[in-house]
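The numbers here are math on the coordinates, done by the rules we state, and not lab data. These figures come from a predicted structure and were not determined experimentally. Cβ: placed from backbone, ideal geometry, glycine included. Neighbour counts: every protein chain shown.
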Amino acid sequence: MTGENDPFVQLQQVTLTYGQGEKTVAALGETNLKIGKGDFVALVGPSGCGKSTILKLVTGLITASSGWVFVAGREVGAEPVRVGMAFQNPTMLPWLSIRDNVMLPLKIVPPFRQQFRAKRKTEFRDRADALLKQVGLAGFGDKFPWQLSGGMLQRASLCRALIHDPQLLMLDEPFGALDQFTREELWAIMQDLWMTRRPTVLLVTHDLKEAGYLANRVCVMRARPGRIVEDCHVDLPRPRTIEMTYEPGFVSLTQRLRELIVSARAPDAAKTEVPA
Amino acid sequence: MKAINRRRLQSAAVIIGFFLLWELICVVFHVKEIVLPRPSQILTTLWLQAPAIWPHTVQTLYTTLVGFGLGILTGVFLGVLIGSSRLAYDVGYPLLIGFSSIPKVAVVPIFVLWFGAGTVPAVLTAMIMSMFPIVVNVATGLATTEPELEDVMKALRATKLDILTNVGLPRAMPYFFASLKVSVTLAFVGTVIAETVASNRGIGNLMMIASSSFDVPLVFAGLLVLAVLGVGLYAIFSVIEGRVIGWAKRKDDFALG
């Protein structure tokens, strides 16, 4: 299931520091991480521990200070890997209808972009509508972003992240700003989307229940410098249900994760200086 | 619908009331025509002198529109350049602010020196006056793109041009239209300044000649023509704005269309 022998994403002795000279801040200490193709990995930890940094390294938005980031067997950026991203803020373009927002990646990413003019009113349109239907937004394609609620926008944002069949899906606290019920509903939708399409997913969250429910592996991180301190496998059958999250096995898992984060924070709180 | 009609009626009443008050004050205080003509006198002059005023009006409108058009082109070009490049921003902004601080009246003689008196200096003055707000607004619209949105685009391996056309420019549209409404009136100011200084045609020139012969009602008639032209163009751009960027105002009829 984890496919660690043939990783799709691999971080090898990666570090990241900001600033120069004496003012350097280590955002990410030496980090090693392997993610198998089609796996679902969650990164949890306190804020400022470099969760989002790992996401940005893997998508090539920032470059590592040292070490190597490999995606699809080659250094990041060398291989044209299709990437989808969704953030806490849905960042829909207000001048486009929901359907056009969802179709945006098709306009940008090859091989779709060459066909965009020809197929945007036929095949691509149906594709967007089908995806919107899957997340419960059937019939909302012609609406504009301001006419939808936050939860609905977040669903649309997931559609936009998935429309171009990404091999790699990056989720940066996409459910963070939603209420509990909407969140749980979207977890189920997310699991459904993952199971039908099987992209390699990297989810950043600070919700342990969310991490345990969605991911195959949960990586616990600590801050200053950010590093992965624990890598837990979640061996629950799929599709998982919200009821499962109340069972003893799941509760003890989240408790263990919680303790790991708290104990990772404890020695850190005493230290004021960043180790060089 | 009724509420809208009532609002329109009210604003029309206030505007007409302003002119009636003006008329009344002139009559009550016996204000001389040479100091401040009554609105009725201005309208009479406008009516009687219409054949003489008309060619000047056409000339001014033509000059303004050409200058404004050029102002939009150069303004958008410079705005995109400054808004999307750090270097251009650092170099361009101080230059631009310095340039726009220069009184445009002072520039007209230079244009006359280069191109001779007539339409060309007026077009250029209208252009440089209308350009500045467009540059600033387009640049601001581009520079304030959400970083997360840019991340989404970059993760899709979008080129700079992709980001500009799909995110930057549409985002800058409300800023652009806001600046157009300011710029179009500034273009009129530029035209009239140049016409006053160095031209033998246009409303500016007409007003110059009228004031030198103390024909104050004709001067005011010229002002009225300018005001009407300005309001007209402003209204046209407001309508276009509503059509193009209804999303920014969350207009429901935009959503349905």
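By the helix-only formula, in which each DSSP H run with n ≥ 4 contributes -39500 (n - 2.57) and the sum is divided by residues, the protein assembly as shown has a 222 nm mean residue ellipticity of -19000 deg cm²/dmol.
Only sites in a loop by DSSP and with at most 16 other Cβ atoms within 10 Å count here; which chymotrypsin sites (Phe, Trp or Tyr not before Pro) in the stretch B:116-217 make the cut? Filter output for the stretch B:116-217: B:F214.
Ranked by the mean number of other Cβ atoms within 10 Å of their residues, highest first, the peptides A:54-67, B:66-79 come out as B:66-79, A:54-67.
Of the residues A:H233, A:H164, the one with the fewest other Cβ atoms within 10 Å heads the list, and the complete ranking is A:H233, A:H164. Alpha-carbon geometry of the stretch B:66-194: the Rg and the Dmax are 16.6, 55 Å, given in that order. For the stretch A:89-149, trypsin sites (Lys or Arg not before Pro) meeting the loop criterion (DSSP other than H, G, I, E, B) and having at most 10 other Cβ atoms within 10 Å: A:K121.
Normalising the Debye intensity of the stretch A:91-166 to I(0), with uniform scatterers on Cα atoms only, and taking log10 at q = 0.16, 0.21 Å⁻¹ returns -0.48, -0.84. Taken along the Cα-to-beta-carbon direction at a fixed 7 Å, the label points for B:R8 and B:I97 span 4.4 nm.
Relative to its Kirkwood radius, the Cα radius of gyration of the protein assembly as shown gives an Rg/Rh of 1.14.
Of the residues A:M190, A:M195, the one with the fewest other Cβ atoms within 10 Å heads the list, and the complete ranking is A:M195, A:M190. Note on chain A: with a GNM built from Cα contacts shorter than 10 Å, the maximum mean-square fluctuation among A:M244, A:M92, A:M152 falls on A:M244.
Can you give the average number of partner chain beta-carbon atoms within 10 Å of each beta-carbon in peptide B:153-163, as a whole number?
Whole-number average of other-chain Cβ neighbours for B:153-163 is 6.
Taking amide H positions as modeled 1.01 Å from N, with prolines and chain starts lacking one, the residues under 5 Å from A:M85 and 5 or more places away or on another chain are A:M170.
Checking the a/c ratio against 1.5 first, then a/b against b/c, what shape does the Cα gyration tensor give for the stretch B:189-231? Oblate shape, in that a/c is at least 1.5 and b/c is the bigger or equal ratio. Panel order for B:V216, A:V14, by other beta carbons found within 10 Å of each beta carbon, from fewest to most: B:V216, A:V14.
Would you work out if the stretch A:84-130 is rounded, prolate or oblate? Take a ≥ b ≥ c from the square roots of the eigenvalues of the alpha-carbon gyration tensor; rounded if a/c is under 1.5, else prolate when a/b is larger than b/c, oblate otherwise. It comes out prolate by the Cα gyration axes. Label separation (B:I240 vs B:K32): 4.6 nm, computed from points 7 Å beyond Cα along the C-beta direction. In straight-distance terms, cross-link reach from A:K23 covers every one of the aspartates and glutamates whose alpha-carbon lies under 16 Å from its own, apart from those fewer than eight places away in the same chain; here that gives A:E273.
The residue list B:G246, B:G79, A:M190 was ranked by how far each Cα lies along the charge dipole of the protein assembly as shown toward its positive end, using unit charges on Cβ atoms, and B:G246 comes out on top. Taking the DSSP bridge list for the protein assembly as shown and keeping only pairs wholly inside it, about 50 percent are antiparallel. Within the listed set A:D179, A:D129, A:D165, the residue fluctuating most in the Gaussian network model of chain A (springs between alpha-carbon atoms under 10 angstrom) is A:D179.
Mind running the shape call on chain B? Use the C-alpha gyration tensor, a ≥ b ≥ c as the square roots of the eigenvalues: rounded below 1.5 for a/c, prolate if a/b tops b/c, oblate otherwise.
oblate
Here the simple spin-label model places points 7 Å from the Cα toward Cβ, and for A:E79 and A:I62 these points are separated by 2.4 nm.
Using the Stokes-Einstein relation with a Kirkwood hydrodynamic radius computed over Cα pairs, the translational diffusion coefficient of chain A at 10 °C and a viscosity of 1.306 mPa s comes to 81 µm²/s.
Tell me which of A:L132, A:L104, A:G150 sits at the most positive position along the dipole axis of the stretch A:91-166, charges placed on C-beta atoms (Lys, Arg +1; Asp, Glu -1). Comparing the listed Cα positions along the dipole, A:L104 ranks first. Pairs of Lys residues in the stretch B:37-256 that lie 8 or more places apart, or on two chains, and have C-alpha atoms under 30 angstrom apart add up to 6. Membrane-span-like helices in chain B, defined here as complete DSSP H runs extending at least 30 Å along the helix axis by their C-alpha atoms with mean Kyte-Doolittle hydropathy no lower than 0.0, are B:2-28, B:50-84, B:119-143, B:169-198, B:216-244; this is a sequence and geometry rule, not a statement about a membrane.
For chain B, modelled as a GNM whose springs connect Cα atoms under 10 angstrom apart, the maximal fluctuation among B:T145, B:T60, B:T119 occurs at B:T145. Ranking B:V120, A:G141, B:A139 by Cα position along the charge dipole of the protein assembly as shown, where only Lys, Arg, Asp and Glu carry charges on their C-beta atoms, puts B:V120 farthest toward the positive end.
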